[in-house]
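First the structure, in the form of structure tokens, and then the observations on it.
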Ligand SMILES: C[S@@+](CC[C@H](N)C(=O)[O-])C[C@H]1O[C@@H](n2cnc3c(N)ncnc32)[C@H](O)[C@@H]1O
């Protein structure tokens, strides 16, 4: 079985069994290969905007003997996947801003999926806020620390009504989107380390007089205190 980084392992861990997975921005193709090998997905589409990563993905898929189960697709975002073609979508290693743009440009594809697993490398709050506004509940979230960096993985599922993850009265919605409502609820130790890192990053700037960052510092401090 393919071994993958802790970041990709967390993505796979949050993925629930599905029929057909699309990994958008696949690059090396390791997520769809591992998802099929492990029996999480029956079939998968490894999609990427550029030909060079797709070549690498194709080699990896072939080497893993998965050409029958993992198809390669050169595509910009989700739009080229037609409605109902997939029931699960993963996007990892790109910005949250790009993820929300790609989701916004393919509502018909999103209408047919049962899960959306996202690992934004920045703008995580934007992803949580997008999901909250588009009927995708936060089913689970995971903090990973790898090679000196923190990574967040969020698993969403389309569900009716208000997202129960956000019913945490100690924090407003913006703070919950910034910090992660499930991290707060669980007092997640790794998420607390991330909040401590953010305090250490912002505090010196506030001490130097950057008043605009005072609310952000207060938010990270409140999150640290809550998770202690
Ligand atoms: C940093 S790699 C991440 C690879 C892999 N998902 C991971 O997390 O390890 C980002 C990949 O996204 C692809 N990409 C960027 N914009 C894209 C778009 N609009 N549609 C599809 N793929 C895109 C890039 O070509 C690149 O291969």
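The values are calculated or read from the model by the stated rules, or taken from the named source; none is laboratory data. Just so it is clear, the model here is predicted, and its values are computed rather than measured. Neighbour counts run over all protein chains shown; Cβ positions are idealised from the backbone, glycine included.
A compact table of results
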{"read-out": "Those residues of segment 1-17 which are in contact with a helix residue (DSSP H, G or I) (Cβ under 8 Å, 6 or more places away or on another chain), more than 7 Å from the ligand (Cβ to nearest atom) and at pLDDT 95 or above, in sequence order", "value": "11, 12, 15"}
{"read-out": "Wholly enclosed strands (runs of 3 or more DSSP E) of segment 98-181 bearing at least 3 residues more than 15 Å from the ligand (Cβ to nearest atom)", "value": "136-146, 149-158"}
{"read-out": "Residue list for segment 155-164, restricted to those being crowded, with 17+ Cβ neighbours inside 10 Å, free of Cβ contacts under 8 Å to residues at least 60 places away in the same chain and under 16 Å from the mean Cα position of the chain (by Cα)", "value": "156, 157"}
{"read-out": "Residues that are in contact with a strand residue (DSSP E or B) (Cβ under 6 Å, 6 or more places away or on another chain), more than 20 Å from residue 146 (Cβ to Cβ) and part of a helix (DSSP H, G or I), drawn from segment 4-37", "value": "32, 36"}
{"read-out": "Set 102, 81: member being touching a residue at least 12 places away in the same chain (Cβ under 8 Å), within 21 Å of residue 153 (Cα to Cα) and more than 10 Å from the chain's Cα centre (by Cα)", "value": "102"}
{"read-out": "Qualifying residues in segment 41-59 (those that are touching a helix residue (DSSP H, G or I) at 6+ places or on another chain (Cβ under 6 Å) and more than 9 Å from the ligand (Cβ to nearest atom)) - the one nearest to residue 70 (Cα to Cα)", "value": "44"}
{"read-out": "Top-ranked residue of segment 39-52 - restricted to ones that are outside any strand (DSSP E or B) and touching a strand residue (DSSP E or B) at 6+ places or on another chain (Cβ under 9 Å), ranked as surrounded by the most Cβ atoms within 10 Å (Cβ to Cβ)", "value": "40"}
{"read-out": "Which listed residue is free of Cβ contacts under 8 Å to residues at least 24 places away in the same chain and buried (at least 17 other Cβ atoms within 10 Å of the Cβ), from 214, 198", "value": "198"}
{"read-out": "Unique match (being in contact (Cβ under 8 Å) with a residue 40 or more places away in the chain and either closer than 18 Å to residue 2 by Cβ or within 9 Å of the ligand (Cβ to nearest atom) (or both)) among 90, 36, 86", "value": "90"}
